[in-house]
Each structure stands twice: as C-alpha cells, then as structure tokens.
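Undergrad: Mind having a look at this structure? Questions to follow.
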Amino acid sequence: MDAIRTKELHKHFSGVAAIDGLSVAFEQGKVTGVVGPNGSGKTTLVNVLSGMLPPTAGVMVIGGEREMKGLRASDTAYHGITRTFQEVRLFEQMTVLDNILVVLTERSVWGSLFERHNAGHMKKVETVLTRVGLWEKRSQLAHNLSYGQRKLLEIARVLAMTHSDHIGQDASIFLFDEPFAGLFPEMIKVIVSVIKELKEAGKTVILIEHNMNLIRELCDHLIVMDSGKLLAEGKPDHVLAKREVIEAYLGE
Amino acid sequence: MGIIPQIIANSIIAGAIYALIALGFNLIYRTTKFFNLAHGALTVVGGYAMFFLYKELGWNVYASAVLAIVFAGFVGYILDKAIFRQLRLRKASQMVFLVASLGLLTVIQAIIAILFTSQFQTLANNSTESRVYTIAGGIITQTQAIILICGIVVLALLTLMLKKTMFGRAVNAVSDDEEVSKMVGIHTDKIIGWVFFIGSAIAGLSGILVGFDTGLEPTMGMHLLLKGVIAAIIGGVGTMHGAFAGAFLLGFAENFGVWQFSGEWKDAIAFIILIIFLLFRPQGIFKK
Ligand SMILES: Nc1ncnc2c1ncn2[C@@H]1O[C@H](COP(=O)(O)OP(=O)(O)OP(=O)(O)O)[C@@H](O)[C@H]1O
Ligand SMILES: [Mg+2]
C-alpha cells in the first residue's frame, strides 16, 4: 500500500515550476530515496507533502484515503506526517529538553496549565535524547548547539512524535530533507541506525540525500527528480546506473 | 526635599500601570509577531465593563472586577478569532495587521463613547473608602498600592506560566516558530486564542485600576497603549522582565521630568526616551 501518493502535482513560484506534474508514490513501510540536482524541487516536494506549501495544482492521497488538494500544516501531525528541515528549524530559545517535551504537551489548555508531565513523558524524552547522544546537553539552549547537534536534535524531535499519547499523533511517515549533510561520520552512523530502526518498526521514510552510498545502503526505492519532474524511479542500483540519471547529475 | 519621595511613589505607580499594559502587549507580540494596537481598546473595555457592573448595576466590587476582567479577555479572544486569525490565514502583511488593529482600537473606543458618552467617569466612591498610606515619606492611596501589587503579581504569574507549565512551553514554541509548532502537533490557533485572552484580560485589569486611580475616558486606550508600547520597546520587545523594567524606567523619567520642567512635558519625555532607545539601543534594555 502507498503511504502517500501525489497525482499530477504542481507547485509554481511566480510562474517558475518547482514541481511540474509530479506523480509519485511512497510505499508504506519502505525507505524511498529522493535524489536530483540542486533546485530540482526535492525540498519543495517535502514542503508540499508536509503541508507547509499549498500545491498550485494536483492532488495528494494519504494512506489510501480520499484525494486532497494539499494539506494544512496543522493537520500533518494528525495524519502521522513529520519531517526535518534542510535548514534545521528548532525552538531556538528553548532548552534541548523543552524542544522535545513540547512535542509531548497536553493539548487541552486547562490540562496544560495545571498538569505536570508524567513519568512516561520524561522517560520518552530521555530515550530519544539518549538515542542521538544529546541527553547530557539537555539544559542547553537549542540556539547554542553545534551544527551537527542541531541536526541530531531535529532527529530526536521526530522520534518523539512516535507513540505520543495525544491526539493519536503517532507519526508513521517521516520526511528527512538531507539529514546527513555536513555531519561527521559518527553522527551519520546514528542517523543511519535511526532510519533503519524506523523501517523495522514499519514506518514509511522519505529520504532526500545527495550521498549515493547512503542511498544504496538505506533505500528500498529511489525517485530521481529533475526540474520538478520525475526523471526515473526503481531499485536504487538499477536507477543509479541509468545514463539519463548520471547525465542529469553531471550535466548541471 | 520632601517632594522627592512623593515623586518616587508616583513614578512607581505610573510604572506599574505601564507594566501591566506592556506585559499583555508583549505576551501577544511575542506569540503572534505583530503590534496589536487594539490592545489599548481592551483597557477601555475592562474599565467600562467595571463601570457598568459596579457603578450602574451596583454589584459587589470583587464580582464586578472578575467579570469585567474576564469580559475584556473574552473580547480579545473574539477579536483574534474573528479578525486576526482570518488575517493570519490569508498571510496578511505586517502593515495590514497594524492598520486593522488601529482600526479596531478606534472603533471600540467609539462604541464605548456611544454607550457611555465621552464624559470623564471615575470608579472610585466618594473618597471615603480610599485609605492612604505613608511609606518613607511618600503618600500612596490604597488604589495605588493595589496597582503596584497587581503589577508584581501579574509579572510573577506570567513568568511562572511561561517557564513552568506545559501551556507556557507551547506558547514559547509558537513564539519561536509557529509553523514548526503546527508540525509537531501543537494546536497553534488555540494557543494564540488563549494568549489573546490572557493578554486582554490583563489589559482589562489595568483599565479597571486606572479607572479607580484617575478615572475613565473612552480615548484612554490610545494613550495607555502608547505608553505600554514605549515601555515594551525600551525594555526589549518580547521579553517579559524587559517590559517590566521599561515600564518603570518610563514611569520614573516622566515623573521626574514633570517635576523638573512642567506637566506638558510628560508625553514629550516618553517619546524622547523612545527615540533615544530606537537610535542607540533599538534592541532595548534586555536584548534577546
Ligand atoms: N519559497 C520559494 N520561493 C520562490 N522560489 C522557490 C521557493 N522555494 C523553492 N524555490 C525554487 O524552486 C526550485 C526548487 O527548489 P528546491 O529547494 O525544492 O530544490 P531542491 O531540489 O531541494 O534543491 P537542493 O538540492 O539545493 O536542496 C528552485 O528553483 C528554487 O529556487
Ligand atoms: Mg533542498
């Protein structure tokens, strides 16, 4: 089954087509890679899929439900979609701990004013922060973390969205926009294992990445975009051997 | 020499009033990132709601105050839902927000003037219940003592709320990045609605206090708003303790200025301070 599908999706920025009639499917429980030259529309695709940009035309289908003309950002958590950003976006003026705790926040105003976080919340925070090696840094402001730590905190934040006890927001679709870019090998290792774990847990992962070795290692399926269009798709090894794919990358 | 303690007392009272306005204004600003000029109108709404319940209906003073404060909060909440939320959905520019909120301020002040006339009204009862305290040579009335206590209590409660509660954490997240807050499942519209409620309720409280201290006029909203905004800016927009410090700095500058020069200088001094800060320290006393 497809976790998300797009049909004839278009996204134009004042006339320029960043996504140009894209019909792709992301299979449930699989890691799908998205590659393509700079400016080919990968980030724009993630922005549309995560409700941060309304599509100009076309539809998307989530979990085989009815067709939707885009998604509102406020509904993505409800649909189990979560993401990271190419340019990391954290709650800068909050501590590492609070960046995660806020994901687990009670959603009723009354409860959130007068109730405390329960032991389950605290356990969850410790688990996800330990997972990415940031538990020791928990009382630092996110703003003061290093570049790599910032990327790891974003990973921890999406992990916190699994099995949250509120509004059924158990994330099942993970969009990673170049999570490895600029990281040291040890940090890459952590994120690689996180993605593998998500897959084992039956989650759907969409991974934008430029490093073809990582793509080969992690992805079940690969989509190649060029100028907002689908250039090729299939098994990673197979796709990456195609002449037009190599040309798209080298001919830039 | 005997006049100095009195000027200090007056400065503190003025500072406390400005602080209450600036705190509510700042709370809304840091969450929604727009200068909500309609905030001034909520002082008028609170003050006149109190006038209606307490003076016209003759209710008990505490019941009237609670209801008037809640009413001001509710009006703020409705303004957000009916107008500002719609503008947010349409991704309106800062200018649109500014003009819309200025328009609301004008309209609300006009409605109040129609309902209650533009005449000056006071909430205080014929002087009898107004007790007077002498502290270190300065005289303050009971009302003024209450104003000061309210200022401190509101700052303490807001700080506690923002630092210690889950709700506060969500407010901070929305302040930091509204879009990402939505993505992680925070109901940002609900949070912003309640922020408007709380901020407006505080404005309503300040309107009531001003009504007891000096009196009510439909146009006082604009005046109080300006002082609150100046206090917020010189304190460092968006920081709660900054708003508080800025308000007292403004209160002291105005009252000592009036003493040195004359009463007409009061507003001029406020704007001179604003301009000095905008030129030399635009980020305010506490930079963020
Ligand atoms: N908000 C925006 N406004 C205007 N144009 C945009 C916007 N976002 C993206 N674009 C344009 O859309 C095209 C696709 O950009 P996008 O960021 O999706 O590419 P990408 O494949 O993620 O590239 P990269 O590998 O560099 O991250 C580019 O031409 C870009 O300039
Ligand atoms: Mg990109």
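The values are calculated or read from the model by the stated rules, or taken from the named source; none is laboratory data. Owing to the predicted nature of the structure, the values given are computational and were not obtained by experimental measurement. FYI the Cβ positions are ideal-geometry reconstructions off the backbone, even for glycines, and counts take in every protein chain you see. The protein model used for the area step is the full one, side chains on, heavy atoms only, and it has no ligands, DNA or RNA in it. Shrake-Rupley method; radii C 1.70, N 1.55, O 1.52, S 1.80 Å.
Undergrad: Just need a number here: residues in region A:118-148 that are at pLDDT 95 or above, of a type outside the set (Val, Ile, Thr) and open to solvent by less than 40 Å² (accessible area, probe 1.4 Å).
TA: Going through region A:118-148 one residue at a time, the tally reaches 5.
Undergrad: Just name the residue that is most open to solvent (accessible area, probe 1.4 Å) out of those in region B:16-38 that are assigned to a helix (DSSP H, G or I) and more than 12 Å from residue B:206 (Cβ to Cβ).
TA: In this case the residue turns out to be B:29.
Undergrad: Somewhere in region A:139-152, is a residue more than 12 Å from chain B (Cβ to nearest Cβ), under 16 Å from the mean Cα position of the chain (by Cα) and away from ligand 1 (no atom under 16 Å from the Cβ)?
TA: So far as region A:139-152 goes, yes, one or more of its residues are more than 12 Å from chain B (Cβ to nearest Cβ), under 16 Å from the mean Cα position of the chain (by Cα) and away from ligand 1 (no atom under 16 Å from the Cβ).
Undergrad: Here's another thing I want to ask about it. Inside region A:198-213, can you point out the residues that are within 16 Å of ligand 2 (Cβ to nearest atom) and either surrounded by 15 or more Cβ atoms within 10 Å (Cβ to Cβ) or aliphatic (A, V, I, L, M) (or both)?
TA: Result: A:206, A:207, A:208, A:209, A:210.
Results for (1) open to solvent by less than 10 Å² (accessible area, probe 1.4 Å); (2) within 13 Å of ligand 2 (Cβ to nearest atom); (3) touching a Phe, Trp or Tyr at 6+ places or on another chain (Cβ under 6 Å), shown as yes or no for each residue.
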site	(1), (2), (3)
A:32	yes, no, yes
A:45	yes, yes, no
A:73	no, no, no
A:79	no, no, no
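Undergrad: Can you tell me which residue within region A:18-31, out of those that are under 17 Å from the mean Cα position of the chain (by Cα) and away from ligand 1 (no atom under 16 Å from the Cβ), is nearest to residue A:86 (Cα to Cα)?
TA: A:31
Undergrad: Let me ask you something else. Residues B:79, B:115, B:98, B:57: which one is in contact (Cβ under 8 Å) with a residue 40 or more places away in the chain and open to solvent by 70 Å² or more (accessible area, probe 1.4 Å)?
TA: Of the residues listed, the single one that is in contact (Cβ under 8 Å) with a residue 40 or more places away in the chain and open to solvent by 70 Å² or more (accessible area, probe 1.4 Å) is B:115.
Undergrad: Residues A:96, A:103, A:46: which one is more than 15 Å from the chain's Cα centre (by Cα), in contact (Cβ under 8 Å) with a residue 60 or more places away in the chain and within 14 Å of chain B (Cβ to nearest Cβ)?
TA: A:103
Undergrad: For region A:1-17: of the residues being open to solvent by less than 50 Å² (accessible area, probe 1.4 Å) and under 16 Å from residue A:53 (Cβ atoms), which is nearest to the chain's Cα centre (by Cα)?
TA: A:4
Undergrad: Can you say whether residue B:156 is open to solvent by 30 Å² or more (accessible area, probe 1.4 Å), closer than 16 Å to residue B:24 by Cβ and either more than 14 Å from chain A (Cβ to nearest Cβ) or not hydrophobic (A, V, I, L, M, F, W, C) (or both), as far as the supplied structure shows?
TA: In short, yes.
Undergrad: Taking helices (runs of 4 or more DSSP H) that do not extend beyond region B:39-89, which have at least 2 residues that are hydrophobic (A, V, I, L, M, F, W, C) and within 19 Å of the chain's Cα centre (by Cα)?
TA: In region B:39-89, the matching helices (runs of 4 or more DSSP H) lie at B:39-50, B:61-79.
Undergrad: Further question on the same structure: Among the numbered conditions (1) over 16 Å from the mean Cα position of the chain (by Cα); (2) within 30 Å of residue A:246 (Cα to Cα); (3) within 15 Å of ligand 1 (Cβ to nearest atom), tell me where residue A:34 comes up short.
TA: The failed condition is (1).
Rundown of residues vs (1) open to solvent by 20 Å² or more (accessible area, probe 1.4 Å); (2) over 19 Å from residue B:171 (Cα atoms); (3) more than 14 Å from chain B (Cβ to nearest Cβ), yes/no style:
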| residue | (1), (2), (3) |
| --- | --- |
| A:55 | yes, yes, yes |
| A:62 | no, yes, yes |
| A:69 | yes, yes, yes |
| A:83 | no, yes, no |
| A:90 | no, no, no |
